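Engineer: Let me begin by handing over the structure; questions about it come next.
The values are calculated or read from the model by the stated rules, or taken from the named source; none is laboratory data. Remember, predicted model here, so these are calculated numbers, not experimental data. Here the Cβ positions follow ideal geometry from the backbone for every residue, glycine too, while neighbour counts run over all protein chains shown. Accessible surface is based on the protein model in full, side chains and every heavy atom, while ligands, DNA and RNA are left aside. Shrake-Rupley method; radii C 1.70, N 1.55, O 1.52, S 1.80 Å.
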Amino acid sequence: MIQFLQASKRYPSGHDALLNVNFEMQQGEMAFLTGHSGAGKSTLLKLIALIERTSRGQVIINGENTSKVKARRIPYFRRNIGIIFQDHQLLFDRTVYDNVALPLIISGQPPREIARRTRAALDKVGLLKREKSYPITLSGGEQQRVGIARAVVNKPSLLLADEPTGNLDPELSWEIMQVFEQFRQVGVTVMVASHDLDMIKKLGHRILVLKDGQLIGDTAQADQG
Amino acid sequence: MKPSADQLFEDVTSRDKPGIATSIRTYFLRHAQVFFYSLGQLWRTPFAMLMTAAVIGIALALPTGMHVLLSNAQQLSGGWEGAAKISLYLKQKTTEAQAKKLANKIHKLDEVAEVEYISSEKGLEEFKQRTGYDTALKALDDNPIPATLVVTPDLRFNNAEQLEALAKQLGKYKQVDLVQLDSEWVQRLFAIMDIVSQGIVILGIMLSIGVLLVVGNTIRLAIQNRRDEIVIVKLIGGTDAFIRRPFLYTGFWYGFIGGFIAIVLVFLSLYLMSGPVEDLAGLYQSQFALHKMDFGTIITILVLSIGLGLSGSWIAVGRHLREIEPR
Ligand SMILES: Nc1ncnc2c1ncn2[C@@H]1O[C@H](COP(=O)(O)OP(=O)(O)OP(=O)(O)O)[C@@H](O)[C@H]1O
Ligand SMILES: [Mg+2]
């Protein structure tokens, strides 16, 4: 599903944000990405979503080499990936419902399908009752859940989350992790970047550790080795 | 959030791809929604929107109004051209018989519709009546007015060059002393109107470019204001076409509303002018009244201004959308 082969990212500033990263994730696998601030977690997720391009090496998603995806095809490529951001990235002048429905509108779903799927996704994150609210009236945790609903509404096979629980209390963080867990159970590949080592360890999934752009730890390999 | 997860997720995921008919219908429905949504967005800031639209309207009303006035002038003077006549002043010693013979000859020419013979006596009579120089003329021994043939050209030969050519040709008869083309000043007027018409076209082109820039700049600001939204839409798989669409429709609405304002302004100006113009025409015993814009002009203005709105936004979107990428 995800395959990094000697992948490196050097920003125009000359800084090597990622250096020769190798790992592989199977469909339906869940992994946490951790490391100090500036280690390259966000950069790694950006390479997967083609927000940035690899400088060297290869990133293969669903059998597709990202360096071969032309700019014009990037939107279609991204429709298969649900992305959840630390800062939610919601549209504040639209209702919760409209925010969640947006990916379906973009991909040209018929209106009835949009209504059905949007409500199902909102129900999934427990916000069906707030569908007519504006994001500004929601709490941080609720906004994050709107972001999750939007990320899954288009049935992506891959879910990326960049510090989704960054500023939430432990209980809320735990709840959100449970939502991810549910998606993994139905076959979605989930990758979550997080600082919260305590919680990550409790959840017991694979952990990838980055340090200064290099992958210095991978619990999956540790298990095998 | 009690997980009956599988079931709910199944609900989220399962569904066959929509059929082609549904896809097409959805596509048009979406276009219609964006079409009216962008109008709704504009109405949320009616003052800003009307200011921009008014700039477009005034810029387009100026050449349009001038064009309408010019075509009024052309219509009015068109009647004068039909009245173009060529006067042939005959040499003093020409007899009446010779003159009538020449008149017959000229009448047979293709270019000529009518020839009228005016003897020198009759000419003198008319001159007296017109001017009242009765006593002054009595002081003269001889009748100073020559016999005249007034030639009315056939309507098919009624443009400036052909009249000129005909006048020249008629001047070659040996009895003819002097040829006078009565319509020379009309021709000059037409030449001036041609220049004015060219001027209006040039003005129209320059103001159209102005409109293009105004719309382009307005859309550029709109794009910058929605930068965050564009980034988000790109992140969740929105194509350039999808992102472009609302801005193009916004340009359409600016063009449409601007064109509408232009039409209203021209109508209003013509209405305000029609009173004085009719008063003036009355002084000349003329029935002339200002013609309003015809339907063709109205449609042309609307099409043109919508075209300018669309192109202006197209240029802005092409230049600025590419710069906005998620980081
Ligand atoms: N657009 C950019 N241009 C130049 N350097 C960048 C850019 N984005 C990130 N970097 C640098 O690359 C390194 C990795 O950044 P990245 O955002 O991937 O770190 P991170 O692990 O997500 O950190 P954090 O936990 O603080 O979010 C950092 O040193 C950062 O300064
Ligand atoms: Mg980061």
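Engineer: Find the relative contact order for chain B and round it to a whole percent, using C-alpha pairs within less than 8 Å whose residues are 6+ positions apart.
Structural biologist: After rounding, I find 27 percent.
Engineer: Could you give the angle, 0 to 90 degrees to the nearest 10, between helix B:120-131's Cα long axis and the longest principal axis of the Cα atoms of chain B?
Structural biologist: The two axes meet at around 60 degrees.
Engineer: Let me ask something else about it. Which is the longest stretch in chain B that no exposed loop site breaks, taking sites as chymotrypsin sites (Phe, Trp or Tyr not before Pro) with a DSSP loop state and at most 12 other Cβ atoms within 10 Å? Walk me through the numbers before you get to the answer.
Structural biologist: Numbers: sites that count: B:Tyr133, B:Tyr284.
That would be B:134-283.
Engineer: Count the net charge of all other residues whose Cβ sits under 11 Å from the Cβ of B:Arg156, scoring Lys and Arg as +1 and Asp and Glu as -1.
Structural biologist: Once positives and negatives cancel, what remains is -3.
Engineer: So what are the radius of gyration and Dmax for the Cα set of chain B, in Å?
Structural biologist: 34.6, 127
Engineer: Considering only protein heavy atoms, what per residue accessible area in square angstrom results for region B:86-182 with a 1.4 angstrom probe?
Structural biologist: For region B:86-182, the solvent-accessible area averages 66 Å² per residue.
Engineer: Among B:Val176, B:Ala136, B:Gln162, flag the residue with its Cα farthest along the positive direction of the charge dipole of region B:86-182, charges on Cβ as +1 for Lys/Arg and -1 for Asp/Glu.
Structural biologist: Final value for the positive-end residue is B:Val176.
Engineer: Same structure, new question: What do you get for trypsin sites (Lys or Arg not before Pro) in region B:82-138 restricted to DSSP loop and a cutoff of at most 16 other Cβ within 10 Å of the site's Cβ? Numbers along the way, then the final one.
Structural biologist: Details: sites: B:Lys85, B:Lys91, B:Lys93, B:Lys100, B:Lys101, B:Lys105, B:Lys108, B:Lys122, B:Lys128, B:Arg130, B:Lys138; in loops: B:Lys85, B:Lys91, B:Lys93, B:Lys108.
The qualifying sites are B:Lys85, B:Lys91, B:Lys93, B:Lys108.
Engineer: Work from the charge dipole of chain B (Cβ charges, +1 for Lys and Arg, -1 for Asp and Glu, about the Cα centre) and give the residue of B:Ala84, B:Phe28, B:Met66 farthest towards its positive end.
Structural biologist: Towards the positive end, the residue furthest out is B:Phe28.
Engineer: Here's a follow-up. State the Cα centre-to-centre distance between region A:8-36 and region A:56-95 in whole Å.
Structural biologist: Region A:8-36 and region A:56-95 have Cα centres spaced 15 Å from each other.
Engineer: Can you find, among A:Val192, B:Ile106, A:His15, the residue sitting farthest towards the positive end of the charge dipole of the protein assembly as shown, where Lys and Arg contribute +1 and Asp and Glu -1 at Cβ?
Structural biologist: Of A:Val192, B:Ile106, A:His15, it is A:Val192.
Engineer: Ordering A:Arg130, A:Arg56 from largest to smallest accessible area (1.4 angstrom probe), what's the sequence? Mind showing how you got there, number by number?
Structural biologist: Working: A:Arg130 70, A:Arg56 125 Å².
Listed by decreasing accessible area, they come as A:Arg56, A:Arg130.
Engineer: Give me the angle, in degrees from 0 to 90, between the Cα long axis of helix B:160-171 and the longest principal axis of the Cα atoms of chain B, rounded to the nearest 10.
Structural biologist: 10
Engineer: Rounded, prolate or oblate: pick one for region B:86-182, where a ≥ b ≥ c are the square roots of the eigenvalues of its C-alpha gyration tensor, a/c under 1.5 means rounded, and failing that, prolate if a/b is larger than b/c, else oblate. Please list the in-between numbers first.
Structural biologist: Numbers: a/c = 2.40, a/b = 1.79, b/c = 1.34.
Prolate, because a/c is 1.5 or more and a/b exceeds b/c.
Engineer: Between A:Gln185 and B:Phe36, what's the calculated FRET efficiency when r is the beta-carbon distance and R0 is 35 Å? Round to 0.05.
Structural biologist: Once the sixth-power term is evaluated, E becomes 0.25.
Engineer: Here's a follow-up. Among A:2-8, B:231-237, how do they line up by average Cβ neighbours within 10 Å per residue, starting with the highest?
Structural biologist: Going from most to least packed, we get B:231-237, A:2-8.
Engineer: Another question, then. Based on the Kirkwood radius over alpha-carbon pairs, what value in µm²/s does the Stokes-Einstein equation return for the translational diffusion coefficient of the protein assembly as shown at 10 °C and 1.306 mPa s?
Structural biologist: So the translational diffusion coefficient is about 52 µm²/s.
Engineer: A further question on this structure: In region A:132-183, what trypsin sites (Lys or Arg not before Pro) fall in a loop by DSSP, with at most 12 other Cβ atoms inside 10 Å?
Structural biologist: Of the trypsin sites (Lys or Arg not before Pro), the ones in loops of region A:132-183 whose Cβ has at most 12 other Cβ atoms within 10 Å are A:Lys132.
Engineer: Just to confirm the number: angle between the C-alpha axis of helix B:184-225 and the first principal axis of chain B, 0 to 90 degrees, nearest 10?
Structural biologist: 10
Engineer: Work out the mean other chain Cβ neighbour count within 10 Å for the residues of A:108-115 and drop it here as an integer.
Structural biologist: For peptide A:108-115, the averaged partner shielding equals 5.
Engineer: Please report Rg over Rh for region B:159-212, where both radii come from the alpha carbon positions and Rh follows the Kirkwood definition. List each step's numbers first, then the result.
Structural biologist: On the way: Rg = 18.7 Å, Rh = 13.9 Å.
A ratio of 1.35.
Engineer: Further, regarding this structure: Count charges around B:Ile243 for me, please; just the other residues with Cβ under 10 Å from its Cβ, Lys/Arg as +1, Asp/Glu as -1. Working shown, then result.
Structural biologist: Working: positive: B:Arg226, B:Lys234, B:Arg244, B:Arg245; negative: B:Glu229, B:Asp240.
So the surrounding residues net to +2.
Engineer: What does the helix-only formula give at 222 nm for chain A: each DSSP H stretch with n ≥ 4 adding -39500 (n - 2.57), the total divided by the residues, and the result rounded to the nearest 500 deg cm²/dmol? Write down the numbers at each step before the final one.
Structural biologist: Details: 8 runs with 80 residues, N = 225.
After summing the helix terms and dividing by residue count, I get -10500 deg cm²/dmol.
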